[in-house]
Amino acid sequence: MGKQSIFLASMRCLEIEQFLENLGADDYDQDDVSPQDDYNCIAYALGEKNKPWWPSMRLKDDYEWPPDLPRQVDDQETLDNFILAFQKRGYKVCKNGRLKSGIEKVAIFTISNVPKHAALQLESGIWGSKCGGYEDIKHFTLSSVEGKNYGKATVFLHRRRDRKPFLKDQILSIVKKLLGR
Amino acid sequence: MAFGASVCFVQQIEAGTPTENYFPLFGVDNSNAKIAESLTLSPIDFAALEEANVVDSSAEISEQTKLKNFFNERAARWEKESKIHSSPGSKFLNKDYIGILSKGESIVPLILKRLETSNCDWLWALENIIPEEENPAKGIENFKDAKQAWLEWGSNRYS
């Protein structure tokens, strides 16, 4: 599917382009909604957009995070903590961001192993990002939002779109039950 | 001082004796001419004083204006640039934000003024300028209440 057919009447956000240096005018489309502060990129990737997600230790009440996972000091957040948070919502680490039918994928962007951003793969294969306090955008590639602010997409996670466990996990669960574990 | 002299001094005051005549009683050489000479002041140059005052206050205004311009320019840029981040830490690792922080307490009234209408995280700057024991938002874990605590603290401190 060509770029033009998808983004026929594409909307631009010049500010987003200004801060994401690899994002060209034809690389994305801006969603036709006002920018929301109610959620952030992690909340967007998880599909839980009622509150921003971050393991903030400082303003705990303003950020959602699984209660049994650690809160961390600003800019000292760990990738493992983010992976565990996604795992709580049924995601598992996978190899890459290639489109697979019935599977939802997330890419976590890091700088020096510190998480900075996350993007969600939509059913069409296009990626969706909530760019901080700016609008949601849909972008063809992950590399178009990589750069000095978000770093690189380094970890990929996936889950079934119907939110059911993967077949392999279902079989494993049955085997465990049979073995009485 | 001899008792008689002090009595005489009091009497002279009561009698309304001119000031220059008090001094002989204390052995001070106080001829009218000398006193007049010692008391002679150059005519007050009001124009010069006024000018000096104007220069001082305008210098002060100029310093304040410079600081205000410094702050406003960087604050506007930081608010725009930091908006791209979801990561709170990444918002603060910004040269403009650090530049503002480096001004210390002199910049705090300007931060508080901006905080009145901004929902950007200026609290981190305040937390890092004002000593921890004075932090009015200590223990508050949400932006709204912490902002309110800082604004109240500011109105008491700088009013």
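The values are calculated or read from the model by the stated rules, or taken from the named source; none is laboratory data. All figures in this text were calculated on a predicted structure; none of them were measured in a lab. Don't worry about glycine lacking a Cβ; one is built from the backbone with ideal geometry, like all the others, and counts go over all protein chains shown. Surface areas here come from the heavy atoms of the whole protein model, side chains and all, with no ligands, DNA or RNA. Shrake-Rupley method; radii C 1.70, N 1.55, O 1.52, S 1.80 Å.
Against the condition without any contact (Cβ under 8 Å) to a residue 60 or more places away in the chain, more than 24 Å from A:Ala118 (Cα to Cα) and buried (at least 16 other Cβ atoms within 10 Å of the Cβ), how does B:Leu110 come out, does it pass?
Answer is yes for this residue.
Return yes or no: is B:Ser90 at pLDDT 95 or above, touching a Gly at 6+ places or on another chain (Cβ under 8 Å) and under 21 Å from A:Asn149 (Cα atoms)?
no
Answer yes if at least one residue in region A:145-168 is of a type in the set (Phe, Trp, Tyr) and either assigned to a strand (DSSP E or B) or open to solvent by 70 Å² or more (accessible area, probe 1.4 Å) (or both), and no otherwise.
Yes, because at least one residue in region A:145-168 is of a type in the set (Phe, Trp, Tyr) and either assigned to a strand (DSSP E or B) or open to solvent by 70 Å² or more (accessible area, probe 1.4 Å) (or both).
Helices (runs of 4 or more DSSP H) wholly in region B:74-159 with at least 3 residues that are out of contact with any Phe, Trp or Tyr (no Cβ under 9 Å at 6 or more places or on another chain) and not β-branched (Val, Ile, Thr) - which ones?
Values: elements: B:88-92, B:95-101, B:108-115, B:123-129, B:143-158.
Ranges flagged: B:143-158.
Identify the residue in region B:103-146 that is acidic (Asp, Glu) and either within 14 Å of chain A (Cβ to nearest Cβ) or out of contact with any helix residue (DSSP H, G or I) (no Cβ under 9 Å at 6 or more places or on another chain) (or both) and, among all such residues, is nearest to B:Glu81 (Cα to Cα).
Within region B:103-146, the first condition is being acidic (Asp, Glu), and the residues that meet it are B:105, B:116, B:121, B:127, B:132-134, B:141, B:145.
If we keep only those that are either within 14 Å of chain A (Cβ to nearest Cβ) or out of contact with any helix residue (DSSP H, G or I) (no Cβ under 9 Å at 6 or more places or on another chain) (or both) too, we end up with B:121, B:127, B:132-133, B:141, B:145.
Working: B:Asp121: 13, B:Glu127: 21, B:Glu132: 28, B:Glu133: 31, B:Glu141: 25, B:Asp145: 25 Å.
The qualifying residue nearest to B:Glu81 (Cα to Cα) is B:Asp121.
Suppose we keep only residues that are of a type in the set (Phe, Trp, Tyr) and either over 15 Å from A:Pro52 (Cα atoms) or within 13 Å of the chain's Cα centre (by Cα) (or both) within region A:108-151. Which one would you say is nearest to the other protein chains (Cβ to nearest Cβ)?
Checked region A:108-151; the qualifying residue nearest to the other protein chains (Cβ to nearest Cβ) is A:Tyr150.
I need a count of the residues in region A:69-78 that are open to solvent by less than 40 Å² (accessible area, probe 1.4 Å) and of a type in the set (A, V, I, L, M).
Residues meeting the conditions: 1.
Just one of (1) surrounded by fewer than 19 Cβ atoms within 10 Å (Cβ to Cβ); (2) within 14 Å of chain A (Cβ to nearest Cβ); (3) free of Cβ contacts under 8 Å to residues at least 12 places away in the same chain trips up B:Asn94, so point out which.
(3)
Would region A:152-174 turn up any residue that is out of contact with any Pro (no Cβ under 6 Å at 6 or more places or on another chain), closer than 22 Å to A:Lys88 by Cα and within 14 Å of another protein chain (Cβ to nearest Cβ)?
No, because not a single residue in region A:152-174 is out of contact with any Pro (no Cβ under 6 Å at 6 or more places or on another chain), closer than 22 Å to A:Lys88 by Cα and within 14 Å of another protein chain (Cβ to nearest Cβ).
What pairs come out if I take residues in region B:114-142 that are free of Cβ contacts under 8 Å to residues at least 60 places away in the same chain and pair them with residues that are surrounded by fewer than 16 Cβ atoms within 10 Å (Cβ to Cβ) and among the polar types (S, T, N, Q) whose C-beta lies under 6 Å away, six or more apart or interchain?
Here the result reads none, with nothing in region B:114-142 linked to a residue that is surrounded by fewer than 16 Cβ atoms within 10 Å (Cβ to Cβ) and among the polar types (S, T, N, Q).
Could you list all residues from region A:106-124 that are touching a residue at least 24 places away in the same chain (Cβ under 8 Å), open to solvent by 10 Å² or more (accessible area, probe 1.4 Å) and either among the aliphatic types (A, V, I, L, M) or farther than 11 Å from A:Gly151 by Cα (or both)?
A:Ile111, A:Val114, A:Leu120, A:Glu123, A:Ser124
Out of region A:79-99, which residues are surrounded by 15 or more Cβ atoms within 10 Å (Cβ to Cβ) and either assigned to a loop (DSSP other than H, G, I, E, B) or within 14 Å of another protein chain (Cβ to nearest Cβ) (or both)?
Listed by number, the residues that qualify are A:Asn81, A:Phe82, A:Ala85, A:Arg89, A:Gly90, A:Tyr91, A:Gly97.
Considering B:Ile100, B:Ile35, which residue is away from chain A (no Cβ under 14 Å) and modelled with pLDDT of 95 or more?
Just one listed residue meets the conditions, B:Ile100.
For residues that are within 14 Å of another protein chain (Cβ to nearest Cβ) and either touching a residue at least 40 places away in the same chain (Cβ under 8 Å) or within 26 Å of the chain's Cα centre (by Cα) (or both), tally how many sit in region B:72-91. If you could, list the steps in order and put the result at the bottom.
If we filter region B:72-91 for residues that are within 14 Å of another protein chain (Cβ to nearest Cβ), which is where we start, we get B:76-91.
Checking which are either touching a residue at least 40 places away in the same chain (Cβ under 8 Å) or within 26 Å of the chain's Cα centre (by Cα) (or both) leaves us with B:78-79.
Adding up the residues that qualify gives 2.
From A:Asp61, A:Asp38, which residue is assigned to a loop (DSSP other than H, G, I, E, B) and open to solvent by 20 Å² or more (accessible area, probe 1.4 Å)?
Details: A:Asp61 fails: assigned to a loop (DSSP other than H, G, I, E, B).
The conditions single out A:Asp38.
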